Amino acid sequence: MSIESWRKKIDRIDDQILILLNIRASCAIEIGKLKRSQNIPVYSPEREKEILDRLVVNSPGPMTQHSIKTLFERIIDESRRTERITIEGNE
């Protein structure tokens, strides 16, 4: 396969990742609404650890465990920020 073919493949994958990240953020917003209505804190370190541990263990590679953890920490942080902005209305 040529470089251009590989790049097009990556572009298609990026488009799919973008859709999935936005779906994930929408889910986080709904969870945030439920947490707010039940007076539960937005940040749940135990839940975050469960997510990260599960993803690191289940990753087939070639990304390293460190890379997976770092990437998903960022995704979780941004989901939490989006949740706050949507629910509280400020950035």
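Some values worked out for this structure:
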{"quantity": "Residue that is among the aliphatic types (A, V, I, L, M) and surrounded by 15 or more Cβ atoms within 10 Å (Cβ to Cβ), where the choices are Val42, Val57", "calculated": "Val42"}
{"quantity": "Pairs where the first residue, in region 10-39, is exposed (fewer than 11 other Cβ atoms within 10 Å of the Cβ) and the second is of a type outside the set (Phe, Trp, Tyr) and at pLDDT below 95, C-beta under 9 Å, 6+ apart", "calculated": "Leu34/Ile40"}
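The values are calculated or read from the model by the stated rules, or taken from the named source; none is laboratory data. Predicted model, so just to flag it, every value in this text is computed and none were measured. Note: ideal-geometry Cβ built from the backbone for every residue, glycine included; neighbour counts use all protein chains shown.
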